[in-house]
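**Student:** First the structure, then my questions, so here it is.
The values are calculated or read from the model by the stated rules, or taken from the named source; none is laboratory data. Just so you know, these numbers come straight off a predicted model, no measurement behind them. For neighbour counting, all protein chains shown are included, and Cβ atoms are generated from backbone atoms with ideal geometry for every residue, glycine included.
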Amino acid sequence: MTDRYTSTAKTLHWLMAILLFGLLALGFYMHDLPLSPQKLQFYSWHKWAGVTAFLLVLARLAWRVTHIPPALPASMPRLMQFAAHAGHFVLYALMIAIPLSGWLMSSAKGFQTVWFGVLPIPDLLDKNKELGDLLAVAHKGLNLLFVAVLAGHIGAALKHHFIDKDDILTRILPKH
Amino acid sequence: MKRFILALALTIGLPLAAHATTFNQVQTDKSAIAFTYQQMGVKMDGKFRKFAAKLSFAPAKPTEGSATIDIDLASIDTGAPEGDQEVAGKPWFNTKVFPTAQFVSTGVKPLGGNRYDVAGKLTIKGKTQDIVVPATFTAQGNSGVFDGTFTIRRGDFSIGEGSWAKFDIVANDIQIKFRITAVTGK
(Lines give C-alpha, C1' and ligand atoms only; values in the text may rest on other atoms or scores of the structure.)
Protein backbone atom coordinates (compact mmCIF):
# COMPACT_ATOMS: atom_id res chain seq x y z
CA MET A 1 0.00 0.00 0.00
CA THR A 2 1.38 3.34 -1.05
CA ASP A 3 1.62 6.15 1.49
CA ARG A 4 2.00 9.08 -0.88
CA TYR A 5 -0.01 10.85 -3.52
CA THR A 6 1.38 11.01 -7.06
CA SER A 7 2.56 14.46 -8.10
CA THR A 8 -0.20 14.46 -10.72
CA ALA A 9 -2.81 13.97 -8.00
CA LYS A 10 -1.24 16.79 -5.93
CA THR A 11 -1.09 19.12 -8.92
CA LEU A 12 -4.71 18.47 -9.82
CA HIS A 13 -5.78 18.95 -6.17
CA TRP A 14 -4.15 22.36 -5.83
CA LEU A 15 -5.01 23.57 -9.30
CA MET A 16 -8.64 22.87 -8.56
CA ALA A 17 -8.39 24.42 -5.10
CA ILE A 18 -7.21 27.71 -6.61
CA LEU A 19 -9.72 27.55 -9.47
CA LEU A 20 -12.68 26.67 -7.24
CA PHE A 21 -11.95 29.42 -4.71
CA GLY A 22 -11.79 31.89 -7.58
CA LEU A 23 -15.02 30.57 -9.07
CA LEU A 24 -16.85 30.69 -5.73
CA ALA A 25 -15.68 34.22 -4.94
CA LEU A 26 -16.51 35.52 -8.43
CA GLY A 27 -19.87 33.72 -8.49
CA PHE A 28 -21.06 35.08 -5.16
CA TYR A 29 -19.77 38.55 -6.02
CA MET A 30 -21.08 38.94 -9.57
CA HIS A 31 -24.59 37.53 -9.38
CA ASP A 32 -26.37 40.60 -8.02
CA LEU A 33 -24.29 43.29 -9.69
CA PRO A 34 -26.26 45.76 -11.84
CA LEU A 35 -25.93 45.10 -15.57
CA SER A 36 -22.70 46.55 -16.94
CA PRO A 37 -20.05 45.51 -19.46
CA GLN A 38 -18.00 44.33 -16.50
CA LYS A 39 -20.79 42.09 -15.26
CA LEU A 40 -21.04 40.43 -18.69
CA GLN A 41 -17.27 40.00 -18.64
CA PHE A 42 -17.33 38.45 -15.15
CA TYR A 43 -20.06 36.04 -16.26
CA SER A 44 -18.04 34.97 -19.29
CA TRP A 45 -14.90 34.48 -17.17
CA HIS A 46 -16.88 32.53 -14.59
CA LYS A 47 -18.28 30.24 -17.29
CA TRP A 48 -14.89 29.73 -18.94
CA ALA A 49 -13.34 28.85 -15.58
CA GLY A 50 -16.32 26.61 -14.79
CA VAL A 51 -15.90 24.62 -18.00
CA THR A 52 -12.18 24.32 -17.23
CA ALA A 53 -12.92 23.08 -13.69
CA PHE A 54 -15.40 20.54 -15.07
CA LEU A 55 -12.77 19.15 -17.46
CA LEU A 56 -10.18 19.11 -14.67
CA VAL A 57 -12.48 17.17 -12.34
CA LEU A 58 -13.06 14.60 -15.08
CA ALA A 59 -9.29 14.25 -15.51
CA ARG A 60 -8.96 14.01 -11.77
CA LEU A 61 -11.59 11.29 -11.48
CA ALA A 62 -9.90 9.32 -14.26
CA TRP A 63 -6.62 9.60 -12.37
CA ARG A 64 -8.31 8.72 -9.07
CA VAL A 65 -9.81 5.46 -10.36
CA THR A 66 -6.54 4.34 -11.97
CA HIS A 67 -4.22 5.33 -9.09
CA ILE A 68 -5.01 4.16 -5.58
CA PRO A 69 -4.61 7.04 -3.11
CA PRO A 70 -2.75 6.48 0.18
CA ALA A 71 -4.84 4.85 2.90
CA LEU A 72 -6.13 6.74 5.92
CA PRO A 73 -4.13 6.19 9.15
CA ALA A 74 -5.10 2.97 10.90
CA SER A 75 -5.41 4.98 14.12
CA MET A 76 -8.52 6.70 12.71
CA PRO A 77 -11.79 5.34 14.13
CA ARG A 78 -13.99 3.47 11.63
CA LEU A 79 -16.69 6.12 11.78
CA MET A 80 -14.18 8.88 11.04
CA GLN A 81 -12.78 6.91 8.10
CA PHE A 82 -16.29 6.51 6.76
CA ALA A 83 -16.97 10.21 7.22
CA ALA A 84 -13.76 11.07 5.34
CA HIS A 85 -14.67 8.85 2.39
CA ALA A 86 -18.26 10.11 2.34
CA GLY A 87 -17.00 13.71 2.45
CA HIS A 88 -14.69 13.14 -0.49
CA PHE A 89 -17.47 11.43 -2.42
CA VAL A 90 -19.77 14.42 -1.85
CA LEU A 91 -17.01 16.84 -2.92
CA TYR A 92 -16.52 14.98 -6.18
CA ALA A 93 -20.29 14.73 -6.76
CA LEU A 94 -20.65 18.49 -6.24
CA MET A 95 -17.65 19.27 -8.45
CA ILE A 96 -19.57 17.47 -11.22
CA ALA A 97 -23.08 18.70 -10.37
CA ILE A 98 -22.19 22.39 -9.94
CA PRO A 99 -20.70 23.00 -13.40
CA LEU A 100 -23.47 20.89 -14.94
CA SER A 101 -26.13 23.02 -13.24
CA GLY A 102 -24.36 26.16 -14.43
CA TRP A 103 -24.16 24.86 -17.98
CA LEU A 104 -27.86 23.92 -17.98
CA MET A 105 -28.79 27.25 -16.42
CA SER A 106 -26.89 29.14 -19.14
CA SER A 107 -28.74 27.23 -21.84
CA ALA A 108 -32.15 27.71 -20.22
CA LYS A 109 -31.46 31.42 -19.80
CA GLY A 110 -30.55 31.71 -23.47
CA PHE A 111 -26.86 32.52 -23.01
CA GLN A 112 -24.81 29.84 -24.67
CA THR A 113 -21.46 29.08 -23.07
CA VAL A 114 -18.59 29.76 -25.47
CA TRP A 115 -15.35 28.52 -23.91
CA PHE A 116 -12.80 31.36 -23.93
CA GLY A 117 -15.09 33.11 -26.43
CA VAL A 118 -14.03 30.62 -29.09
CA LEU A 119 -15.43 27.14 -28.54
CA PRO A 120 -19.24 26.98 -28.31
CA ILE A 121 -20.45 24.38 -25.81
CA PRO A 122 -23.70 22.86 -27.08
CA ASP A 123 -26.91 23.91 -25.34
CA LEU A 124 -28.49 20.91 -23.64
CA LEU A 125 -31.74 22.75 -22.99
CA ASP A 126 -33.90 25.12 -24.96
CA LYS A 127 -34.47 28.62 -23.67
CA ASN A 128 -37.03 28.49 -20.88
CA LYS A 129 -37.36 31.26 -18.30
CA GLU A 130 -38.97 29.21 -15.52
CA LEU A 131 -36.45 26.41 -15.89
CA GLY A 132 -33.64 28.97 -15.99
CA ASP A 133 -34.77 30.51 -12.70
CA LEU A 134 -35.10 27.06 -11.15
CA LEU A 135 -31.60 26.09 -12.26
CA ALA A 136 -30.24 29.35 -10.85
CA VAL A 137 -31.67 28.36 -7.46
CA ALA A 138 -30.18 24.88 -7.87
CA HIS A 139 -26.75 26.27 -8.84
CA LYS A 140 -26.76 28.54 -5.80
CA GLY A 141 -28.01 25.82 -3.42
CA LEU A 142 -25.39 23.34 -4.62
CA ASN A 143 -22.69 25.96 -4.13
CA LEU A 144 -23.82 26.75 -0.59
CA LEU A 145 -23.67 23.03 0.16
CA PHE A 146 -20.23 22.91 -1.48
CA VAL A 147 -18.97 25.73 0.75
CA ALA A 148 -20.23 23.84 3.81
CA VAL A 149 -18.57 20.56 2.78
CA LEU A 150 -15.41 22.46 1.83
CA ALA A 151 -15.32 24.03 5.30
CA GLY A 152 -15.54 20.50 6.72
CA HIS A 153 -12.76 19.34 4.37
CA ILE A 154 -10.41 22.15 5.41
CA GLY A 155 -11.41 21.89 9.07
CA ALA A 156 -10.71 18.14 9.06
CA ALA A 157 -7.30 18.65 7.41
CA LEU A 158 -6.37 21.21 10.05
CA LYS A 159 -7.61 18.95 12.85
CA HIS A 160 -5.47 16.09 11.51
CA HIS A 161 -2.43 18.34 11.41
CA PHE A 162 -2.73 20.24 14.67
CA ILE A 163 -4.69 17.91 16.93
CA ASP A 164 -4.13 14.37 15.69
CA LYS A 165 -0.63 15.34 14.49
CA ASP A 166 -0.69 12.82 11.61
CA ASP A 167 0.45 13.32 8.00
CA ILE A 168 -2.99 13.71 6.39
CA LEU A 169 -2.44 17.39 5.60
CA THR A 170 1.29 17.26 4.80
CA ARG A 171 1.04 14.31 2.43
CA ILE A 172 -0.96 16.37 -0.11
CA LEU A 173 1.60 19.22 0.04
CA PRO A 174 3.92 19.60 -2.95
CA LYS A 175 7.23 18.63 -1.34
CA HIS A 176 6.38 15.61 0.71
CA MET B 1 -40.44 25.15 -82.28
CA LYS B 2 -44.00 25.29 -81.15
CA ARG B 3 -42.89 24.65 -77.61
CA PHE B 4 -40.28 27.38 -77.87
CA ILE B 5 -42.85 29.93 -78.98
CA LEU B 6 -45.08 28.89 -76.14
CA ALA B 7 -42.25 29.33 -73.67
CA LEU B 8 -41.40 32.71 -75.17
CA ALA B 9 -44.99 33.81 -74.99
CA LEU B 10 -45.15 32.75 -71.37
CA THR B 11 -41.95 34.58 -70.46
CA ILE B 12 -43.06 37.76 -72.08
CA GLY B 13 -46.62 37.34 -70.98
CA LEU B 14 -45.96 36.69 -67.30
CA PRO B 15 -44.66 40.12 -66.33
CA LEU B 16 -47.54 41.64 -68.24
CA ALA B 17 -49.97 39.55 -66.29
CA ALA B 18 -48.23 40.56 -63.08
CA HIS B 19 -48.40 44.18 -64.07
CA ALA B 20 -51.64 44.73 -62.29
CA THR B 21 -50.36 43.10 -59.13
CA THR B 22 -49.20 45.45 -56.41
CA PHE B 23 -48.48 44.16 -52.95
CA ASN B 24 -49.34 46.97 -50.57
CA GLN B 25 -51.21 45.66 -47.54
CA VAL B 26 -48.66 44.67 -44.93
CA GLN B 27 -49.61 41.82 -42.63
CA THR B 28 -47.78 42.56 -39.42
CA ASP B 29 -48.72 39.21 -37.87
CA LYS B 30 -46.89 37.45 -40.68
CA SER B 31 -43.92 39.77 -40.54
CA ALA B 32 -40.95 39.80 -38.20
CA ILE B 33 -37.91 41.91 -37.43
CA ALA B 34 -35.24 40.04 -35.53
CA PHE B 35 -31.55 40.56 -34.86
CA THR B 36 -28.49 38.73 -33.65
CA TYR B 37 -25.49 40.13 -31.86
CA GLN B 38 -22.35 38.82 -30.26
CA GLN B 39 -21.51 39.21 -26.61
CA MET B 40 -17.97 38.01 -25.82
CA GLY B 41 -18.24 35.44 -28.59
CA VAL B 42 -21.74 34.38 -27.51
CA LYS B 43 -24.36 34.72 -30.23
CA MET B 44 -27.57 36.24 -28.89
CA ASP B 45 -30.97 36.42 -30.57
CA GLY B 46 -33.38 39.29 -30.21
CA LYS B 47 -36.43 40.74 -31.88
CA PHE B 48 -38.82 43.67 -31.98
CA ARG B 49 -42.36 42.82 -31.00
CA LYS B 50 -43.98 45.96 -32.42
CA PHE B 51 -43.46 47.74 -35.70
CA ALA B 52 -45.54 49.33 -38.43
CA ALA B 53 -44.80 48.98 -42.13
CA LYS B 54 -46.10 50.57 -45.30
CA LEU B 55 -45.11 48.97 -48.53
CA SER B 56 -45.95 49.10 -52.18
CA PHE B 57 -44.30 46.72 -54.58
CA ALA B 58 -45.29 45.65 -58.07
CA PRO B 59 -43.01 42.89 -59.34
CA ALA B 60 -43.59 44.20 -62.87
CA LYS B 61 -42.28 47.63 -61.90
CA PRO B 62 -39.81 46.89 -59.11
CA THR B 63 -37.99 50.21 -59.33
CA GLU B 64 -41.17 52.00 -58.31
CA GLY B 65 -41.41 49.98 -55.12
CA SER B 66 -41.28 51.74 -51.80
CA ALA B 67 -41.31 50.88 -48.13
CA THR B 68 -41.46 52.68 -44.81
CA ILE B 69 -40.92 50.79 -41.59
CA ASP B 70 -41.29 52.22 -38.10
CA ILE B 71 -39.98 50.10 -35.25
CA ASP B 72 -41.16 50.62 -31.68
CA LEU B 73 -37.81 50.38 -29.91
CA ALA B 74 -39.35 49.85 -26.48
CA SER B 75 -40.85 46.61 -27.78
CA ILE B 76 -37.37 45.07 -27.97
CA ASP B 77 -36.65 41.58 -26.77
CA THR B 78 -32.89 41.34 -26.32
CA GLY B 79 -33.05 37.74 -25.20
CA ALA B 80 -32.68 38.66 -21.53
CA PRO B 81 -35.15 40.66 -19.39
CA GLU B 82 -32.28 42.56 -17.78
CA GLY B 83 -31.11 43.55 -21.24
CA ASP B 84 -34.55 44.80 -22.35
CA GLN B 85 -34.58 47.30 -19.52
CA GLU B 86 -30.98 48.33 -20.08
CA VAL B 87 -31.24 49.11 -23.79
CA ALA B 88 -34.26 51.38 -23.32
CA GLY B 89 -32.00 53.67 -21.30
CA LYS B 90 -29.98 56.70 -22.33
CA PRO B 91 -26.70 55.01 -23.34
CA TRP B 92 -28.55 52.67 -25.72
CA PHE B 93 -31.75 53.66 -27.57
CA ASN B 94 -32.89 56.39 -25.17
CA THR B 95 -36.48 55.44 -26.03
CA LYS B 96 -37.96 58.36 -24.07
CA VAL B 97 -36.45 60.79 -26.57
CA PHE B 98 -36.21 58.49 -29.60
CA PRO B 99 -39.07 55.98 -29.35
CA THR B 100 -38.87 54.72 -32.93
CA ALA B 101 -36.35 53.66 -35.50
CA GLN B 102 -37.34 54.34 -39.09
CA PHE B 103 -36.38 52.97 -42.45
CA VAL B 104 -37.54 54.83 -45.56
CA SER B 105 -36.66 53.37 -48.93
CA THR B 106 -35.23 55.60 -51.62
CA GLY B 107 -34.96 53.11 -54.46
CA VAL B 108 -35.22 49.49 -55.50
CA LYS B 109 -32.73 47.86 -57.81
CA PRO B 110 -33.56 44.47 -59.35
CA LEU B 111 -30.59 42.09 -59.25
CA GLY B 112 -32.15 39.37 -61.36
CA GLY B 113 -34.26 36.47 -60.27
CA ASN B 114 -36.18 37.37 -57.15
CA ARG B 115 -33.35 39.39 -55.64
CA TYR B 116 -33.40 43.12 -55.08
CA ASP B 117 -31.28 45.79 -53.48
CA VAL B 118 -33.42 48.16 -51.48
CA ALA B 119 -31.64 51.44 -50.79
CA GLY B 120 -32.91 53.67 -48.06
CA LYS B 121 -32.34 55.85 -45.04
CA LEU B 122 -32.19 54.29 -41.63
CA THR B 123 -32.74 56.62 -38.69
CA ILE B 124 -32.02 55.51 -35.15
CA LYS B 125 -31.50 57.76 -32.15
CA GLY B 126 -31.54 60.90 -34.30
CA LYS B 127 -28.80 59.64 -36.62
CA THR B 128 -29.51 58.83 -40.26
CA GLN B 129 -27.45 56.52 -42.42
CA ASP B 130 -27.81 55.50 -46.04
CA ILE B 131 -28.02 51.74 -46.24
CA VAL B 132 -28.61 49.12 -48.91
CA VAL B 133 -30.66 46.14 -47.88
CA PRO B 134 -30.52 43.00 -50.00
CA ALA B 135 -33.89 41.30 -50.13
CA THR B 136 -35.68 38.50 -51.91
CA PHE B 137 -39.29 38.67 -52.90
CA THR B 138 -41.45 35.59 -53.13
CA ALA B 139 -45.05 35.80 -54.23
CA GLN B 140 -47.61 33.12 -53.63
CA GLY B 141 -51.07 33.93 -54.88
CA ASN B 142 -52.01 37.34 -53.56
CA SER B 143 -49.41 37.23 -50.82
CA GLY B 144 -45.83 38.36 -51.19
CA VAL B 145 -42.94 37.96 -48.78
CA PHE B 146 -39.81 40.08 -48.52
CA ASP B 147 -36.93 38.35 -46.76
CA GLY B 148 -33.55 39.78 -46.05
CA THR B 149 -30.58 40.10 -43.78
CA PHE B 150 -28.23 43.01 -43.39
CA THR B 151 -25.70 44.26 -40.90
CA ILE B 152 -25.53 47.61 -39.17
CA ARG B 153 -22.85 48.90 -36.83
CA ARG B 154 -24.31 50.03 -33.53
CA GLY B 155 -21.49 52.55 -33.22
CA ASP B 156 -22.80 54.42 -36.29
CA PHE B 157 -25.96 55.22 -34.35
CA SER B 158 -24.43 55.67 -30.88
CA ILE B 159 -26.32 52.62 -29.66
CA GLY B 160 -24.48 51.78 -26.46
CA GLU B 161 -22.54 54.79 -25.22
CA GLY B 162 -20.29 55.37 -22.23
CA SER B 163 -19.07 52.15 -20.67
CA TRP B 164 -20.74 50.18 -23.49
CA ALA B 165 -19.04 52.12 -26.28
CA LYS B 166 -16.18 49.67 -26.60
CA PHE B 167 -16.94 46.65 -28.73
CA ASP B 168 -14.99 44.03 -26.75
CA ILE B 169 -18.03 42.98 -24.73
CA VAL B 170 -20.97 43.73 -27.05
CA ALA B 171 -19.81 43.60 -30.66
CA ASN B 172 -20.30 46.51 -33.06
CA ASP B 173 -21.97 44.47 -35.80
CA ILE B 174 -25.67 43.80 -35.37
CA GLN B 175 -27.25 41.53 -37.92
CA ILE B 176 -30.85 42.38 -38.74
CA LYS B 177 -33.12 39.77 -40.21
CA PHE B 178 -36.54 40.70 -41.49
CA ARG B 179 -39.59 39.20 -43.12
CA ILE B 180 -42.34 41.49 -44.35
CA THR B 181 -45.47 39.92 -45.74
CA ALA B 182 -47.88 41.98 -47.84
CA VAL B 183 -50.98 41.07 -49.78
CA THR B 184 -52.31 42.71 -52.90
CA GLY B 185 -54.64 45.57 -52.18
CA LYS B 186 -57.62 46.92 -54.02
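**Student:** For segment B:170-186, does any single residue satisfy the condition of being within 16 Å of the chain's Cα centre (by Cα), among the hydrophobic types (A, V, I, L, M, F, W, C) and surrounded by fewer than 16 Cβ atoms within 10 Å (Cβ to Cβ)?
**Tutor:** No, because not a single residue in segment B:170-186 is within 16 Å of the chain's Cα centre (by Cα), among the hydrophobic types (A, V, I, L, M, F, W, C) and surrounded by fewer than 16 Cβ atoms within 10 Å (Cβ to Cβ).
**Student:** I'd like to check something: does segment B:91-111 contain any residue that is over 18 Å from the mean Cα position of the chain (by Cα), modelled with pLDDT of 95 or more and within 14 Å of chain A (Cβ to nearest Cβ)?
**Tutor:** The answer is yes, given that some residue of segment B:91-111 is over 18 Å from the mean Cα position of the chain (by Cα), modelled with pLDDT of 95 or more and within 14 Å of chain A (Cβ to nearest Cβ).
**Student:** A:ILE18: farther than 30 Å from B:ALA171 by Cβ, more than 14 Å from chain B (Cβ to nearest Cβ), of a type in the set (Val, Ile, Thr) and not in a helix (DSSP H, G or I), yes or no?
**Tutor:** It is false that A:ILE18 is farther than 30 Å from B:ALA171 by Cβ, more than 14 Å from chain B (Cβ to nearest Cβ), of a type in the set (Val, Ile, Thr) and not in a helix (DSSP H, G or I).
**Student:** Also, I was wondering about something else. For segment A:80-117, enumerate the residues that are farther than 17 Å from A:LEU55 by Cα, touching a strand residue (DSSP E or B) at 6+ places or on another chain (Cβ under 8 Å) and polar (S, T, N, Q).
**Tutor:** A:GLN112
**Student:** Another question about this same structure. I'm trying to understand the selection: among the residues of segment A:1-54, which are among the acidic types (Asp, Glu) and more than 24 Å from A:GLY110 (Cα to Cα)?
**Tutor:** A:ASP3 - this is the single residue of segment A:1-54 that is among the acidic types (Asp, Glu) and more than 24 Å from A:GLY110 (Cα to Cα).
**Student:** Name the residue, out of A:SER44, A:SER101, A:SER36, that is within 14 Å of another protein chain (Cβ to nearest Cβ), in contact (Cβ under 8 Å) with a residue 40 or more places away in the chain and not charged (D, E, K, R).
**Tutor:** From the options A:SER44, A:SER101, A:SER36, the qualifying one is A:SER44.
**Student:** Taking interchain pairs and intrachain pairs at least six residues apart, which have beta carbon atoms under 7 angstrom, with the first residue in segment B:42-67 and within 14 Å of chain A (Cβ to nearest Cβ) and free of Cβ contacts under 8 Å to residues at least 60 places away in the same chain and the second of a type in the set (Gly, Ala, Ser) and outside any strand (DSSP E or B)?
**Tutor:** B:MET44/B:GLY79; B:ASP45/B:GLY79; B:GLY46/B:GLY79
**Student:** For A:ARG171, work out the one condition from (1) assigned to a helix (DSSP H, G or I); (2) within 30 Å of B:GLU82 (Cβ to Cβ); (3) of a type in the set (Lys, Arg) it doesn't fulfil.
**Tutor:** (2)
**Student:** When the residues of segment B:112-127 are filtered to those that are touching a helix residue (DSSP H, G or I) at 6+ places or on another chain (Cβ under 9 Å) and loosely packed, with under 15 Cβ neighbours inside 10 Å, which remaining residue is nearest to the other protein chains (Cβ to nearest Cβ)?
**Tutor:** Within segment B:112-127, the match that is nearest to the other protein chains (Cβ to nearest Cβ) is B:LYS127.
**Student:** A further question on this structure: Given the condition within 14 Å of chain A (Cβ to nearest Cβ) and over 29 Å from B:GLY144 (Cα atoms), answer yes or no: does some residue in segment B:25-38 qualify?
**Tutor:** Checking segment B:25-38: at least one residue is within 14 Å of chain A (Cβ to nearest Cβ) and over 29 Å from B:GLY144 (Cα atoms).
**Student:** Give the residues of segment A:120-168 that are aliphatic (A, V, I, L, M), over 22 Å from the mean Cα position of the chain (by Cα) and not in a helix (DSSP H, G or I), sorted by residue number.
**Tutor:** Scanning segment A:120-168 gives a single hit, A:LEU125.
**Student:** Can you work out which of the residues in segment B:128-186 that are small (Gly, Ala, Ser), touching a residue at least 24 places away in the same chain (Cβ under 8 Å) and part of a helix (DSSP H, G or I) is farthest from the other protein chains (Cβ to nearest Cβ)?
**Tutor:** For segment B:128-186, the residue satisfying everything is B:GLY162.
**Student:** Which one of these does B:ALA135 not meet: (1) under 22 Å from B:PHE98 (Cα atoms); (2) surrounded by 15 or more Cβ atoms within 10 Å (Cβ to Cβ)?
**Tutor:** (1)
**Student:** Turning to a different aspect of this structure: Residue by residue through segment A:135-171, note down the ones that are closer than 10 Å to A:MET105 by Cα and either exposed (fewer than 15 other Cβ atoms within 10 Å of the Cβ) or small (Gly, Ala, Ser) (or both).
**Tutor:** Listed by number, the residues that qualify are A:ALA136, A:VAL137, A:ALA138.
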